[in-house]
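The values are calculated or read from the model by the stated rules, or taken from the named source; none is laboratory data. Please read all numbers here as calculations on a predicted model, not as lab measurements. Don't worry about glycine lacking a Cβ; one is built from the backbone with ideal geometry, like all the others, and counts go over all protein chains shown.
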Amino acid sequence: MSASTAVRGKRISRRRFLGGLGIAGTALALPAGARADVPAMPGASSGKTPTVYATLYDLDRCVGCGACVEACHERNGARYPEPIKPFPDLVPAGTKNEDWSDRRDVDDRLTPYNWLYIQSATVDTPEGPREMHVPRRCLHCANPPCANLCPWGSARRETSGAVSIEASTCLGGAKCRTVCPWHIPQRQSGVGLYLDLMPRFAGNGVMYKCDRCADITARGGIPACIEACPYDVQTIGPRDAIIAEAKRLAAERGWHLYGLDDNGGTNTIYLSPVPFGLLDAAIPKGPGRPHLAPVADAMRDETRLAAVAATAPLAGFGAAMLRVAADIREAAHNDAPGAHSSHAMGKPGRAAAHRLSAPTAIDTITPHAFLHPATSRAVRAIWLACAIVLGFTGLMQMPIAARYGMTALPGLAWTGDFHVTHRMHYVFAALLLGLGGWLLGKALRQRAFPALTREGWLRLGLVAGLAGTGVLRVLKNLPDVSFSPLLTLWIDLAHLGLAVALGAVALVFAFTGRAAWTRPRPPAGRPPA
Ligand code: HEM
Ligand code: SF4
Ligand code: SF4
Ligand code: SF4
């Protein structure tokens, strides 16, 4: 420990907290030792609009004593996994169990039993070698890919800004670890829900990581590692205040920040006198030992695509309805005295006249009266493309795809990147929703819909369910939307169940010659269009 750090350590408060916004400005302007001590997080349990909290690590203060790591163990030890052994014999052969239960004391990396560790390194700076210590744990991203892409909604972003993994529903597929830019969550086999489902065939334990002491912060307390640090390395407070303070200190001292913009912004900001490029080069990296390199926003495209998926049905509907104005103009023109008789009696004029004179109720009509055969073929082709791509990309987003070697099949290596299949799913979902909006708009415009077979109605219902649950999944993935874990689980299960049901009925209908969606004629009693 350097003398200056020790002196600094003595004069600072034991718990650093940037309180309510009202006092934050004053507290921030004071020297460290004069800052107000606030033992609890205001607003955390008050039931008011939830505040997003962030933490600031001042790496200049950290001496690597490990008191925070110990405090984390003490506070969270009761939540560490107690696996049941022997572990299930996993299928396919070669699928490995991950077991840390006999190495609980490992503290030089992240494990299911060590959610925080100190990365220490001697960094070659222009001023000479310098010993640096970086406490590493989950950064609690503002738009976390681990939570957005968790198939079961077990990983989730709390309204406080913390990201947690619900141990009781996690199946241990480790997708969160794969999509986390720092590969933070760690797996322990032999524990969790998968043991009660299909232990040999799906799932492989539970993922563990720092949840910013969710149980303590839910009661308005301060995370154990912050409380325990003798050198007040960490500060916690409302995100805006923390960011303002981090920027101010960095500008004032000419220091460097990490986590501010990385992965689109996190709720853990590191402030360092040493550039992060040098730190990253010096620290040991590998499994359980995250890097400090710049990270692009993993969810940026998904958030944009979500906006596309949300507007696609409106765009399709709008495109169909735009024709109404043109039809009215056309009908008015055809009815005008002196209009050319052959044009007035031609197909467009008749169709428009039918639409304008049709009753307000929706008629059922023959498929050909609803869509031109060429348009009908195009609609069928788009639907088939959407169904195949959506089913395939949905399947490849599930961790079992990699486990069963599907991503290793020749030509399918690209499907191993969840972000690629996820983006494709969004693009084709937008196409399907756009098509749905257009067909609905057309039906309303014509005030008629083709008569569906029973099989057609069944599939339409399943697709509508998929679209509804899909839209909810898209919403859940947006940075500012948070669903309860149970609701998220049900939405996920419903989407998956509907997809499986649609695939099954489509196959049965195809093999039993009942693939037609529409009847060649409307049911008796309905007038043809
Ligand atoms: C034929 C239609 C569709 C099929 C067969 C299908 C299939 C699937 C499957 C199998 C999954 C992975 C299973 C799961 O994690 O629950 C999935 C995930 C997902 N689907 Fe669909 N889906 C369809 C339509 C849609 C639509 C219309 C949307 C959006 C409006 C949508 C949005 C999503 C989202 C957001 C996910 C989660 C991806 C993630 O966050 O990792 N899907 N889909
Ligand atoms: S953050 Fe504090 S408690 Fe943790 S290693 Fe650094 S000085 Fe010690
Ligand atoms: S650091 Fe990784 S595990 Fe933590 S919230 Fe971000 S993506 Fe998730
Ligand atoms: S916030 Fe809590 S769970 Fe996270 S590292 Fe600190 S003590 Fe551990």
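Of all residues in segment 289-303, count the ones that are within 19 Å of Ala147 (Cα to Cα) and either among the basic types (Lys, Arg) or not in a helix (DSSP H, G or I) (or both).
Filtering segment 289-303 down to residues within 19 Å of Ala147 (Cα to Cα) leaves 290, 295-303.
Checking which are either among the basic types (Lys, Arg) or not in a helix (DSSP H, G or I) (or both) leaves us with 290, 295-300.
Residues flagged as within 19 Å of Ala147 (Cα to Cα) and either among the basic types (Lys, Arg) or not in a helix (DSSP H, G or I) (or both) within segment 289-303 amount to 7.
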Looking at segment 52-78, I want the residues that are within 25 Å of Ser164 (Cα to Cα) and part of a helix (DSSP H, G or I) and have a partner that is among the aliphatic types (A, V, I, L, M) and within 11 Å of ligand 2 (Cβ to nearest atom) with Cβ atoms under 6 Å, at least 6 apart or on another chain. Which pairs are those?
Ala67/Ala228; Cys68/Ala228; Val69/Leu116; Ala71/Ala224; Ala71/Ala228; Cys72/Leu116; Cys72/Ala224; Arg75/Ala224
Only one of (1) of a type in the set (A, V, I, L, M, F, W, C); (2) touching an Asp or Glu at 6+ places or on another chain (Cβ under 6 Å); (3) on the phi > 0 side of the Ramachandran plot fails for Leu271. Which number is that?
(3)
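Take His133 and decide whether it is within 15 Å of the chain's Cα centre (by Cα) and either touching a residue at least 24 places away in the same chain (Cβ under 8 Å) or closer than 16 Å to Gln186 by Cβ (or both). Lay out the reasoning, then the answer.
Numbers: within 15 Å of the chain's Cα centre (by Cα): no; either touching a residue at least 24 places away in the same chain (Cβ under 8 Å) or closer than 16 Å to Gln186 by Cβ (or both): yes.
It is false that His133 is within 15 Å of the chain's Cα centre (by Cα) and either touching a residue at least 24 places away in the same chain (Cβ under 8 Å) or closer than 16 Å to Gln186 by Cβ (or both).
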Condition check: surrounded by 24 or more Cβ atoms within 10 Å (Cβ to Cβ), among the hydrophobic types (A, V, I, L, M, F, W, C), away from ligand 3 (no atom under 16 Å from the Cβ) and in contact (Cβ under 8 Å) with a residue 12 or more places away in the chain. Does Val233 satisfy that?
yes
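Every residue in segment 475-491 that is in a helix (DSSP H, G or I), closer than 25 Å to Gly437 by Cβ and modelled with pLDDT under 90, please.
Quick first cut of segment 475-491, residues in a helix (DSSP H, G or I) only: 475-477, 485-491.
Those still in the list that are closer than 25 Å to Gly437 by Cβ too: 475-477, 491.
Within segment 475-491, Leu475, Lys476, Asn477 qualify.
For segment 174-230, how many residues meet the condition of being farther than 19 Å from Ile118 by Cα, touching a Phe, Trp or Tyr at 6+ places or on another chain (Cβ under 8 Å) and in contact (Cβ under 8 Å) with a residue 60 or more places away in the chain? So that I can check it myself, show each step before the final result.
Here is the first cut: in segment 174-230, the ones farther than 19 Å from Ile118 by Cα are 174-180, 187-207, 214-222.
Still in the list and also touching a Phe, Trp or Tyr at 6+ places or on another chain (Cβ under 8 Å): 175, 178-179, 187-190, 202-205, 217, 222.
After this cut, where a residue has to be in contact (Cβ under 8 Å) with a residue 60 or more places away in the chain as well, the list is 175, 178-179, 187-190, 202, 204-205, 217, 222.
Matching residues across segment 174-230 total 12.
Just to be sure before I move on: is Gly203 over 19 Å from Ala71 (Cβ atoms) and within 16 Å of ligand 1 (Cβ to nearest atom) in the structure I sent?
yes
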Being closer than 23 Å to Ile243 by Cβ and of a type in the set (A, V, I, L, M) is the filter here; which residues of segment 119-169 pass it?
Met132, Val134, Leu139, Ala142, Ala147, Ala162, Val163
If only one of Asp102, Asp124 is away from ligand 2 (no atom under 16 Å from the Cβ), in a strand (DSSP E or B) and surrounded by fewer than 21 Cβ atoms within 10 Å (Cβ to Cβ), which one is it?
Asp124
What do you reckon, is Tyr80 outside the structural domain of Tyr404 (by TED's automatic domain parsing), out of contact with any Asp or Glu (no Cβ under 8 Å at 6 or more places or on another chain) and within 16 Å of ligand 3 (Cβ to nearest atom)?
no
